[in-house]
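Remarks on the structure that follows.
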Amino acid sequence: MLTETECERISGVIRDVESRTAGEIVVVVAGQASGYRSVALLYAFLGALATPWPLIWITNLSVSRIAMVQLAVALALTFIFVWPELRLALVPNFVKRARGREAAAREFTARGLARTRGRTGVLLFVSAAERYAEVVADEGIAARVDERAWRDIITELVESIQGGRAADGIAAAVQRIGQILAEHVAPQVGNPDELSNKVILI
């Protein structure tokens with residue numbers, strides 16, 4: 001989704017906006033929020049369950065032969081759903097959103113955003129495959145900012161990603177987040193940079 005040059009540009013934007021606030025911004029860009037392996041197994045299982053009924057109705061196959069066909073269908077569907085693009089296309093949108101939220105929550109914890117001194121960390125999480133984005137703010141910021149402000153940022157970011165302007169969209173989102181942080185959290189003396197400004201690609 002991002003080139004090395006684009007990542008460096010976004011890192012520069014993060015450094016710039018953090019100079020005007022005590023808040024900390026971390027950007028994580030994931031290729032895909034989940035492997036959805038359980039979804040592939042579910043489709044294979046449902047296909048195998050449905051297989052015997054037409055065979056029972058329209059053939060004279062024995063129970064053992066039907067069981068063999070059922071097993072073959074299960075294996076074939078499992079191999080078919082190994083193809084990531086097909087598997088992703090079959091995943092319902094609500095499942096993609098749920099996995100995106102789970103991945104964002106994991107990254108928030110893993111990147112140390114809950115350990116800043118003023119609890120002023122903000123994660124911008126983007127998942128390319130799902131076209132999903134989310135802002136996760138620590139309690140020192142979440143208590144002061146209306147949730148609608150984050151939703152507006154995400155709406156514009158997703159539109160940029162869908163339009164093929166991911167880097168521009170992420171940079172603009174970081175600037176908007178920085179403006180919100182500057183309004184609510186003034187820079188401290190020395191304004192230490194507690195978290196890395198590097199864009200994290202996973």
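Quick look at the values:
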{"item": "The chain: most fluctuating residue of V189, V95, V17 per GNM, C-alpha cutoff 10 Å", "result": "V189"}
{"item": "Dipole axis of the chain (+1 Lys, Arg; -1 Asp, Glu on Cβ), positive-most option in Q188, L77, G164", "result": "L77"}
{"item": "Counted charge near A98, where neighbours are those whose Cβ lies closer than 14 Å (Asp, Glu -1; Lys, Arg +1)", "result": "+2"}
{"item": "Sequence of E8, E24 from largest to smallest accessible area, 1.4 Å probe", "result": "E8, E24"}
{"item": "For the chain: rounded, prolate or oblate by the Cα gyration tensor [a/c cutoff 1.5]", "result": "prolate"}
{"item": "Mean separation of Cα contacts under 8 Å (6+ apart) over length of the chain, as relative contact order %", "result": "41"}
{"item": "Karplus-derived 3J(HN,Hα), 6.51/-1.76/1.60, for each residue of the stretch 157-162, Hz, glycine and proline x", "result": "5, 4, 4, 5, 5, 5"}
{"item": "Whole-percent carbon and sulfur share, accessible surface of the stretch 89-202, 1.4 Å", "result": "48"}
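The values are calculated or read from the model by the stated rules, or taken from the named source; none is laboratory data. Model, not experiment: these values are computed from the prediction. Glycine gets a Cβ as well: all are built from the backbone with ideal geometry, and neighbour counts include every protein chain shown. The protein model used for the area step is the full one, side chains on, heavy atoms only, and it has no ligands, DNA or RNA in it. Shrake-Rupley method; radii C 1.70, N 1.55, O 1.52, S 1.80 Å.
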